[in-house]
Amino acid sequence: MENTKKTLDEETLFSVTQIFKALSDPTRVQILNLLQDREYSVNEIARTLSFNQTTVSHQLRFLKNLRLVKSRRAGTTIYYMQDDNHVLELLTQAVRHVHHH
């Protein structure tokens, strides 16, 4: 039987592994999970998840660089929201898988 699967080009391979890298960190998973429903400021995220503000800012920068979250400014406050429904679907499927077993 012939193998019909294509190999991934380097750019695709790198991007896919970056997404899974983002989802491999508990702090980032918590932040992405929180941002599924609405936007939050850094302070709101830190308070809700009991993380320090520096940790949240660092992780948001990582997620923003991967275009998994986006931000908007309102005065001096920056609000973050999810920016990739596909990755949130992966996260939701992983949570469902865990709850299934």
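Observations
- Charge tally for residue 71 (other residues, Cβ to Cβ under 11 Å; Lys, Arg +1; Asp, Glu -1): +3.
- For the chain, a simple Cβ point-charge model (Lys and Arg +1, Asp and Glu -1, everything else neutral) yields a dipole of about 340 debye relative to the Cα centre.
- Normalised per residue, the accessible area of the chain is 74 Å², obtained with a 1.4 Å probe and no contribution from ligands, DNA or RNA.
- Whole-Hz Karplus values for region 77-84 come out as 9, 9, 9, 10, 9, 5, 9, 8 Hz, taken residue by residue from phi with 6.51 cos²θ - 1.76 cosθ + 1.60 and θ = phi - 60°; glycine and proline positions read x.
- Legend: helices of the chain (whole DSSP H runs) are marked when their alpha-carbon atoms reach 15 angstrom or more along the helix axis and their mean Kyte-Doolittle hydropathy is at least -0.5; marked are 10-22, 85-100.
- From the coordinates shown, Rg and Dmax of the Cα atoms in Å corresponds to which of (i) 19.3, 57; (ii) 15.8, 62; (iii) 12.2, 34: (ii)
- Label point distance in nm, residue 34-residue 66, each placed 7 Å from Cα along Cα→Cβ: 1.7 nm
- Fraction of accessible area attributable to carbon and sulfur, the chain (%, probe 1.4 Å): 50 percent
- Lys/Arg +1, Asp/Glu -1 at C-beta; the chain dipole; positive extreme among 87, 51, 68: 51
- Highest-MSF residue in the chain out of 55, 17, 27 [GNM, Cα springs under 10 Å]: 17
The values are calculated or read from the model by the stated rules, or taken from the named source; none is laboratory data. Worth saying up front: this structure is predicted, and the values here are computed from it rather than measured. Counting neighbours? That spans all protein chains shown, and the Cβs are built from the backbone with ideal geometry, glycine included. What goes into the accessible areas is simple: the full protein's heavy atoms, side chains included, and nothing from ligands, DNA or RNA. Shrake-Rupley method; radii C 1.70, N 1.55, O 1.52, S 1.80 Å.
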